[in-house]
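Asker: Following this message is one structure expressed as structure tokens.
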Amino acid sequence: MPEATEFEEKEYENPLNHQLLLKSNNLWTPGQVFEKAFGIDSALLALNYNFWAINGYDSIPEGVFLNTYNWDHLWTPSTRARQRFPSFKLNVLIQAKRPEYRLGINSDYANYGIKNHYWQFSVTKHQQEILEQVETALASDALVTYACPTFHKFSELDNHISSGGLVSNSTFVKPSILKDHKRWIYDQPGTTGLGCSKIERYSDISFEQQIQELFIDRRIEINDDSDTNQALQNLLQLEKIAISICEEVNQNNAIAAAFLRRRQILLPEINTIGVDVDAIRSFLTFKLFVSTTNTLWMTS
């Protein structure tokens, strides 16, 4: 059963661009005439680390100058005279989409794990072909991607704009993934979904896996001092890593912001305990991190 989306594409696209930019000013929105020739709504120098992690990057790409590439094969007589590219670097080109929400089970999609509800967007054949060419031309120098929300209510859009959570509540898919497909079907944020007409599942690293990998990447050697309480040192280390991760992505991620906000509420209560404050604080901080990010941690 379909439910209407309560906002327009531009209401999502514009704030998404600003959350991707962070401290960057490099944003280019070429307009409808140019969009027909080049296939994109916007191009920018995105400094949002969470966005790049979601899309499988270890670091933020430096960016490229679009005017250094040969785009002659894309121009028509009407657009050739208007071709102008910005003089600044860009590292992501985006075609934003408005989601269509469906409530109920589709037996074909259920076989691939999408049950009860999902969102979808359709691709335009001409636009898809152009985006595939742009993606091929740029190769690994810049990312070309569709972007679409994992929500359809205006209240959710309003909340994710004010909390900075649009990136963490969007799906992103490269044009090459949708080659020969008509729709992208998804039920979660990130890069996981189904390409249809012929159903093919595409899955990248989940948010939970990203969090655990960040912990692994940031783990440092703990001093093996016989006078040190090893258990306490381990807790302090986990607390330190959890805080550092969330402070880094706080502006980009509603989950990280929620963890830091809840921790600030918790700290005054912990400080009144008076004994074993460090141990209790570090344990409760890590427990709060696990519950907020909805992750499961196993010990061996």
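The values are calculated or read from the model by the stated rules, or taken from the named source; none is laboratory data. Since we're looking at a predicted model, the values are computed, not measured. Using ideal geometry, Cβ is built from the backbone for each residue, glycine included, and neighbour counts are taken over all protein chains shown.
Asker: Select from region 175-192 the residues that are more than 18 Å from H152 (Cα to Cα) and of a type in the set (A, V, I, L, M) and list them in ascending order.
Answerer: I177, L178
Asker: Between residues in region 138-151 that are assigned by TED's automatic domain parsing to the domain that holds I94 and residues that are assigned to a loop (DSSP other than H, G, I, E, B) and among the polar types (S, T, N, Q), which pairs lie under 8 Å by C-beta distance while being six or more apart or on different chains?
Answerer: Matching pairs, first to second residue: A142/N91; L143/N55; L143/N91; T145/N55; T150/Q188.
Asker: Here is a check on your reading of the model: is L194 at pLDDT below 95, part of a strand (DSSP E or B) and farther than 18 Å from N48 by Cα? Walk me through it before giving the result.
Answerer: On the way: at pLDDT below 95: yes; part of a strand (DSSP E or B): yes; farther than 18 Å from N48 by Cα: yes.
Spelling it out, L194 is indeed at pLDDT below 95, part of a strand (DSSP E or B) and farther than 18 Å from N48 by Cα.
Asker: Give T192, T124, T145 a once-over and let me know the one that is surrounded by 21 or more Cβ atoms within 10 Å (Cβ to Cβ), polar (S, T, N, Q) and on the phi < 0 side of the Ramachandran plot. Give the derivation first.
Answerer: Details: T192 fails: surrounded by 21 or more Cβ atoms within 10 Å (Cβ to Cβ); T124 fails: surrounded by 21 or more Cβ atoms within 10 Å (Cβ to Cβ).
Of T192, T124, T145, the one residue that is surrounded by 21 or more Cβ atoms within 10 Å (Cβ to Cβ), polar (S, T, N, Q) and on the phi < 0 side of the Ramachandran plot is T145.
Asker: Now a separate question. As an exercise: evaluate R98 against (1) without any contact (Cβ under 8 Å) to a residue 60 or more places away in the chain; (2) in a loop (DSSP other than H, G, I, E, B) and give the number of the one condition it does not meet.
Answerer: (1)
Asker: Of everything in region 229-280, what is more than 30 Å from F51 (Cα to Cα), modelled with pLDDT of 80 or more and of a type in the set (D, E)? Give them in sequence order.
Answerer: D278
Asker: Counting only residues that are over 24 Å from Y49 (Cβ atoms) and not in a strand (DSSP E or B), how many does region 150-186 have? Working first, answer last.
Answerer: To start, the set of residues in region 150-186 that are over 24 Å from Y49 (Cβ atoms) comprises 152-155, 158, 178-185.
Checking which are not in a strand (DSSP E or B) leaves us with 152-155, 158, 178-182.
So the count comes out to 10.
Asker: Is at least one residue of region 30-44 surrounded by 17 or more Cβ atoms within 10 Å (Cβ to Cβ) and on the phi > 0 side of the Ramachandran plot?
Answerer: Yes.
Asker: Continuing with the same structure: Among the residues of region 60-79 satisfying the criterion of being in a loop (DSSP other than H, G, I, E, B) and modelled with pLDDT of 90 or more, which is farthest from the chain's Cα centre (by Cα)? Talk me through it step by step, then tell me what you get.
Answerer: Let us first name the residues in region 60-79 that are in a loop (DSSP other than H, G, I, E, B), namely 60-63, 65, 69-71, 75-76.
If we keep only those that are modelled with pLDDT of 90 or more as well, we get 60-63, 65.
Values: I60: 13, P61: 15, E62: 18, G63: 18, F65: 24 Å.
Of everything passing the filter in region 60-79, F65 is farthest from the chain's Cα centre (by Cα).
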